1. Hey, which of the strands (runs of 3 or more DSSP E) in the range 221-323, taking only ones fully inside, have at least 1 residues that are touching a strand residue (DSSP E or B) at 6+ places or on another chain (Cβ under 9 Å) and loosely packed, with under 11 Cβ neighbours inside 10 Å?
2. For the range 182-196, give me each residue that is closer than 18 Å to Cys76 by Cα and among the charged types (D, E, K, R).
3. Condition first: closer than 22 Å to Glu273 by Cβ, surrounded by 10 or more Cβ atoms within 10 Å (Cβ to Cβ) and more than 27 Å from the chain's Cα centre (by Cα). Now tell me which residues in the range 117-170 satisfy that.
4. Does the range 164-173 contain at least one residue that is touching a Ser or Thr at 6+ places or on another chain (Cβ under 8 Å) and over 22 Å from Asn151 (Cα atoms)?
5. On the basis of being under 30 Å from Ile236 (Cα atoms) and either modelled with pLDDT of 80 or more or touching a His at 6+ places or on another chain (Cβ under 9 Å) (or both), does Ala54 make the cut?
6. Counting only residues that are among the small types (Gly, Ala, Ser) and surrounded by 15 or more Cβ atoms within 10 Å (Cβ to Cβ), how many does the range 207-220 have?
7. In the range 229-260, what residues are hydrophobic (A, V, I, L, M, F, W, C) and either on the phi > 0 side of the Ramachandran plot or modelled with pLDDT of 85 or more (or both)?
8. Scan the range 183-206 and give yes if some residue there is charged (D, E, K, R), over 13 Å from the mean Cα position of the chain (by Cα), assigned to a helix (DSSP H, G or I) and over 23 Å from Lys60 (Cα atoms), otherwise no.
Amino acid sequence: MGCKAGLAETCSHVASVLFYIEAWTRIHGKLACTQVKCTWLLPTYVNEVPYARARDINFKSAKKLKEEMDLKIDACVDDNQSETPAPARNIKASNMSVRPLDEEEMNAQLKKLNDLNVKPVILSLFKPYSERFISRSQNIVTMPDLYDPSNLNLSYPDLLKQCFEVKLDLTDSELDAIEADTRKQSKSNLFFRHRAGRIGASVCWAVAHSNPMQPSQSLIKSLCYPRLFKVTSKAITHGKKYEKSAVESYVFLMSQTHKDFQVKYCGMLVDKEHPWLHATPDFMASCSCCGDGCGEVKCPYGIENGDFETYISKKTSCLEKVN
């Protein structure tokens, strides 16, 4: 059928079709940047960057990776600084045949090794000496041991009811074993094992202010997986570096005004009535005049050139001037 408006030369159908074709070409003829795979200029030393899921990509910068490597090296140095390696000796091969030890001779040699001041690792292969290498708290029930996959199918009210029925009873000897095996704190593997699922002083505020119906996922992950979600910063590194020196200075000053003053490092202290709570002070102090106490070392990164007067005036200061 012909267009009646076209007879009067006022039809806009053709023009409309042309405008539509032009608009479609502009929109669909060229893909937007969000419609194609991400592209970027590769460095000269990189030939190819394979595609990967976001969860499989390490987004840490080279500087951050260097800091983590330095922390691991420092931890190894601290553990071995008291041990002096024996000088290497050139041992020439010999054609002499060595008679294997009988059971009595082997037991005598193992007993001599056991009497040494060090703990030879070879003893871990022989009973009863291998028991020395098993930590007392290794078999103590931890919070992750309470996990039950069947609870994933429960509704929220039923899950809360199930939580109230769960009980974790720890004896005094088990609490003492946990404290003794975690005295190295972050340098000890058992420290993270017993810390998982427990609430400490550093996260009490965040836990108390989190909505139980929709808790913070990052908070839950940091509580349940403390080894994977360790916090590292320049301030924390600074504090670890000078913690030992701070304790030594503290002992020197307090010994001058307190009788029989002494300090000993301690591990994780788990509350017996509320086993999901724990505290990790840096040391325990005691003296004849004041009794027992605990201490927490603070080496503020913000103090420059030992200027305590300026630091005290800051709102973030952990110190208070009383005189």
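The values are calculated or read from the model by the stated rules, or taken from the named source; none is laboratory data. In this text, all values refer to a predicted model and were calculated from it rather than measured experimentally. Here Cβ is always computed from backbone atoms with ideal geometry, including for glycine, and neighbour counts include all displayed protein chains.
1. Working: elements: 262-265, 283-287, 291-295.
In the range 221-323, 262-265, 291-295 are the strands (runs of 3 or more DSSP E) which contain 1 or more residues that are touching a strand residue (DSSP E or B) at 6+ places or on another chain (Cβ under 9 Å) and loosely packed, with under 11 Cβ neighbours inside 10 Å.
2. Looking only at the range 182-196, we keep the residues that are closer than 18 Å to Cys76 by Cα, and these are 182-192.
Selection gives Arg183, Lys184, Lys187.
3. Residues satisfying the conditions are Leu160, Lys161, Gln162.
4. Here is the first cut: in the range 164-173, the ones touching a Ser or Thr at 6+ places or on another chain (Cβ under 8 Å) are none.
No: the range 164-173 contains no residue that is touching a Ser or Thr at 6+ places or on another chain (Cβ under 8 Å) and over 22 Å from Asn151 (Cα atoms).
5. Details: under 30 Å from Ile236 (Cα atoms): yes; either modelled with pLDDT of 80 or more or touching a His at 6+ places or on another chain (Cβ under 9 Å) (or both): yes.
Yes, satisfied.
6. Narrowing the range 207-220 to residues among the small types (Gly, Ala, Ser): 208, 210, 216, 218.
Filter once more, keeping what is surrounded by 15 or more Cβ atoms within 10 Å (Cβ to Cβ): none.
So the count comes out to 0.
7. Filtering the range 229-260 down to residues hydrophobic (A, V, I, L, M, F, W, C) leaves 229, 231, 235-236, 246-247, 251-254.
Residues satisfying the conditions are Ala246, Val247, Val251, Phe252, Leu253, Met254.
8. Let us first name the residues in the range 183-206 that are charged (D, E, K, R), namely 183-184, 187, 193, 195, 198.
Next, from what is left, pick out any that are over 13 Å from the mean Cα position of the chain (by Cα): 183-184, 198.
Going one step further and asking which of them are assigned to a helix (DSSP H, G or I), we end up with none.
The answer is no; no qualifying residue exists.
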